[in-house]
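Report on the following structure.
What follows is calculated from the coordinates using simple rules that are stated; it is not laboratory data. What you see is a predicted model; the values in this text were computed from it and never measured. Here the Cβ is made from the backbone with ideal geometry for all residues, glycine too, and neighbour counts use every protein chain on show.
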Amino acid sequence: MALLRPGSSTEAELLIESGERYLRPPVMSDFKAWAEIRAQSHSFLKPWEPLWPADDLTKTGFRRRLRRYARERKEGRSLSFLLFSARTNEILGGLTVSNIRRGVSQTATLGYWMGQRHAGKGHMSAAVAMILPFCFDVLNLHRIEAACLPTNSPSLRLLENAGFRREGYARNYLLINGSWQDHLLFGCLAEEHAAHPGKLNPNVEGLLKEFL
């Protein structure tokens, strides 16, 4: 696994790559490909996501999304990524480390989505395996949380296989597809993850001061 911050590119300030895939923040030039895969996957994603704004797949909506991402990253509250194929540079899905809490908590929430035609091929499992070392070794977080609808069997298996432990059941936890829905709660701790291989080189830590 490598983590780079190319100084010559304004479109890829943060890159996390491993073998066949890489993660980087979305930029405006991603709009067409992002909108296409989201539109094609709408019925597939709808049961698991909040309702989309009416203009979500427009340039205006995407530009507003990027402004929010930039603001939240500057404030240290969230980091959003798109997941790409290293071979084709095709967007496969997305991943967000959000609700970052510092102080005595040092915790964040993990969320993700996959394009329908790329689902079930191990891409998001690989992305989660890439992001956890970044969260623990670079962002210095102690705990990563995730929530999953009880009926979302693929996501349940993904989290459990990634080392998350099921910790609770929250009633009417999130407003998903227009209704408040119960969720299973998961957590992964830094000390539990420390024994796993594939940790990032600690020398990259100094490259990411603006992201902390």
>> On a full-extension model of 0.36 nm per residue, what is the gain between Ala70 and Ser179, subtracting their alpha-carbon distance, rounded to one decimal in nm?
In response: 36.4 nm
> Summing -39500 (n - 2.57) over the DSSP H runs of n ≥ 4 in the chain and dividing by its residue number, what mean residue ellipticity at 222 nm do you reach, to the nearest 500 deg cm²/dmol?
Replying inline: -7000 deg cm²/dmol
>> Full-extension gain between Gln106 and Glu17, please, as 0.36 nm times their residue separation minus the C-alpha to C-alpha distance.
In response: 29.6 nm
> Between Thr58 and Asn89, 0.36 nm times their residue separation minus their Cα-Cα distance comes to what?
Replying inline: 9.0 nm
> With the dipole of the chain worked out from charges on the C-beta (+1 for Lys and Arg, -1 for Asp and Glu) around the Cα centre, which of Ala35, Gly103, Ile144 lies farthest toward the positive end?
Replying inline: Ala35
>> Past the 32 angstrom mark, what percentage of all C-alpha to C-alpha distances in the chain do you count?
In response: 12 percent
> If you place +1 on the Cβ of every Lys and Arg, -1 on the Cβ of every Asp and Glu, and leave all else neutral, what size is the dipole of the stretch 2-211 about its Cα centre, to the nearest 20 Debye?
Replying inline: 440 debye
